[in-house]
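Worksheet: the structure to be examined is printed underneath.
The values are calculated or read from the model by the stated rules, or taken from the named source; none is laboratory data. The structure presented is a predicted model; accordingly, all values stated were derived computationally and were not measured. Note that each Cβ is placed from the backbone with ideal geometry, even for glycine, and that neighbours are counted across all protein chains shown.
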Amino acid sequence: MDPGRPVANAVAVGDGKIVSVGSLESMRPWLRRVPHDIDETFADKVILPGFIDPHTHLRLSGTYMGLNYVGPIDSTDPNGKPLKGLPNREAVLSRLNSLAKDRTEAVVAWGYDPGMQDGHLDRDMLDEISSEVPIWVIAYAPHIIYTNTPMIERIGVDENTRVHGVGRYSDGRLNGWFVETEATALASGPVKKEVFGKGFGLASLELQGRVAVKSGVTTTADMIYGIDSFEREWEDHAAAIEQELLPLRVMLVPFESRLRKRFGDDFLRFYESMKNKSTDRLAIHGVKFVNDGSYPSMTLRLNFPGYLDGEIGLTGEVPWEDMFDRMLPFWSNGIQIHSHANGDETVDMTLNTLNALQNAAPRFDHRFTVEHYCISTPAQARRLAALGGLASVNPYFVHYRSQIHADHGFGPDRTETTARLGSLVNAGATFALHSDYNLVVAPMHPLTAAWIAVNRIAADGKTVVGPGERISVDRAIRAITVDAAFVLNRDDSLGSIEVGKHADFAVLDDDPYEVEPGALKAIGIHGTVLGGNVHIAGTP
């Protein structure tokens, strides 16, 4: 992805970094001087820069995979055993009923998808299964937890509770919903033992490390560092890397609300201490704000005309009117801000806040990033570029969910133009593609993300949605390599096969620039190279 030297047939690697790029003939000045081996292992393969997925949740993803699965698509358990998806809400309720029979301990499940499984669960539905056994179900996109009466009682809330995100029926009675981080944290208390079992973190990372190699991913950023424990999460990642269970470079992005709650006014001091522990394999990076809900859970915030059925979505736990004051200390101290915004109303708020930050303390190269950027307008793309902002976009919903949400939640206009990448290109904005793996119903597979961005084929395999938002193959590949590195402020060391950068590569069976655009996602991934060390897909 070096535009000056876009193609080469040899790369020299020493001490984990790139020494020279070109051909054996062009490298003669090095080869005459330095002892070396010529390795032709990948002579019949295509080497690209290692893919970068700049927004994942690998440790948390592996955690949920250990719970009772009630999701809509086929999945696997932590041991690789296949699990069949459940097609609808009736099948989910039947599964929960079978789990609740003849037991007294809580039923704890993961994976429910209201868009794909006929709408939300609620307290009354779950009470019909059992009025004695506590039932706790977290959605596939874990922005919402559904509970029955015994679990509500165990959580310790009632009609007088005033916590952001605790759901209610129209008559004010609790409906068993716990939406967004403050409420889901409250609801998770009674099941921490089941969810966060002993040793779960290391096992989760080992599992996701294998997934990454099969997907060609060499670098990722966990966008909710601190949701369980700052110390445990760091220690698990460090141990997984030291034990060679996690062949990745990982950036941990602190969740702002957890940072504030844990460290109060000393959060910047903690940040500096973590920077001193960072290495080229594991590092603290930026800060994450969550400002609305989820696309698949249908809890994001929309401008007029809103939702099809009158829902309003939910903001994050930080009031929008406080957003400038909450972001300013990070902005003023040069800490990159990643702002979660799924709906167009939230994108407006985020851009207004970025504008206010620029007015208060003008900065160049701030790399303020709008995360997800699912539902937006061309005008917002132009404004993002004008303010110097970036976007880290989830394109998977275009293929996996656009036809679902045309009639569930958002309507046809917004779903067809989900992930407006063409508008970002036209506006001159830099962007990356990410998966949010495994907290949405989509794979971590950057070539699939590129295929969706280039073709915009819906789930029926034939309909092109939002054709004007398609982008070129080159721009899509940049968005999973060097532009993704730019979004993470690591384009000086990652994202392209250039002298001095880390020797991180994705090893492919075919060249994405040579195959038909419709075949991008089918390209075989042989494995990865991380710092010169080879990892073959399908092996530990």
- Query: For residue 154, are the conditions met, namely being modelled with pLDDT of 90 or more, under 29 Å from the mean Cα position of the chain (by Cα) and either in a helix (DSSP H, G or I) or of a type in the set (Asp, Glu) (or both)?
  - Reply: no
- Requiring at least 1 residues that are closer than 30 Å to residue 505 by Cα and in contact with a Leu (Cβ under 8 Å, 6 or more places away or on another chain), the strands (runs of 3 or more DSSP E) wholly within the stretch 5-121 are 10-14, 46-49, 51-56
- Task: Within the stretch 71-79, identify whether any single residue is of a type outside the set (A, V, I, L, M, F, W, C) and surrounded by fewer than 11 Cβ atoms within 10 Å (Cβ to Cβ), and answer yes or no.
- Result: yes
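Would you check which residues across the stretch 381-405 are in a loop (DSSP other than H, G, I, E, B) and modelled with pLDDT of 95 or more and list them? Even if it seems obvious, please write down each step before you answer.
We begin by selecting, within the stretch 381-405, every residue in a loop (DSSP other than H, G, I, E, B); these are 387-389, 394-395, 401.
Within the stretch 381-405, 387, 388, 389, 394, 395 meet the criteria.
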- Query: Given the stretch 173-281, what strands (runs of 3 or more DSSP E) lie entirely inside it while holding 2 or more residues that are outside the structural domain of residue 148 (by TED's automatic domain parsing) and over 23 Å from residue 137 (Cα atoms)?
  - Reply: 217-225, 249-254
- Query: Does the stretch 519-540 hold any residues that are among the polar types (S, T, N, Q) and modelled with pLDDT of 95 or more, and which are they?
  - Reply: 528, 533
- residue 438 fails exactly one of (1) closer than 30 Å to residue 41 by Cβ; (2) in contact with a strand residue (DSSP E or B) (Cβ under 9 Å, 6 or more places away or on another chain); (3) in a loop (DSSP other than H, G, I, E, B), namely (1)
- Task: Can you work out which of the residues in the stretch 369-383 that are surrounded by 24 or more Cβ atoms within 10 Å (Cβ to Cβ) and in contact with a Leu (Cβ under 6 Å, 6 or more places away or on another chain) is farthest from residue 180 (Cα to Cα)?
- Result: 381
- Message: Checking residue 341 against (1) under 25 Å from residue 382 (Cα atoms); (2) modelled with pLDDT under 95: exactly one of these is not met. Which one?
- Response: (2)
- Item | In the stretch 244-272, the residues that are over 23 Å from residue 186 (Cα atoms) and touching a residue at least 24 places away in the same chain (Cβ under 8 Å) | 245, 246, 247, 248, 249, 250, 251, 252, 268, 270, 271
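Each row is one residue, and each column tells you yes or no for (1) surrounded by fewer than 21 Cβ atoms within 10 Å (Cβ to Cβ); (2) acidic (Asp, Glu).
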residue: 424; (1), (2): no, no
residue: 442; (1), (2): no, no
residue: 447; (1), (2): no, no
residue: 459; (1), (2): yes, no
residue: 472; (1), (2): yes, no
residue: 475; (1), (2): yes, no
residue: 481; (1), (2): no, no
residue: 498; (1), (2): yes, yes
- Query: What is the number of the single condition among (1) surrounded by fewer than 20 Cβ atoms within 10 Å (Cβ to Cβ); (2) of a type in the set (Gly, Ala, Ser); (3) within 21 Å of residue 416 (Cβ to Cβ) that residue 283 does not meet?
  - Reply: (3)
- Look at residue 136 and say whether it is assigned to a strand (DSSP E or B), crowded, with 20+ Cβ neighbours inside 10 Å, without any contact (Cβ under 8 Å) to a residue 60 or more places away in the chain and touching a Leu at 6+ places or on another chain (Cβ under 6 Å). no
- Message: Cβ-Cβ under 8 Å, sequence separation 6+ or interchain: first residue in the stretch 501-518 and modelled with pLDDT of 95 or more, partner assigned to a loop (DSSP other than H, G, I, E, B) and among the basic types (Lys, Arg). Which pairs?
- Response: 507/45; 508/45; 509/45
- Give the stretch 156-172 a look and list any residue that's surrounded by 13 or more Cβ atoms within 10 Å (Cβ to Cβ) and either in contact with a Leu (Cβ under 9 Å, 6 or more places away or on another chain) or not assigned by TED's automatic domain parsing to the domain that holds residue 76 (or both), or say none. 157, 161, 163, 164, 165, 166, 167, 168
- Item | Failed criterion for residue 152 (all others in (1) of a type outside the set (Phe, Trp, Tyr); (2) crowded, with 21+ Cβ neighbours inside 10 Å; (3) under 26 Å from residue 62 (Cβ atoms) hold) | (3)
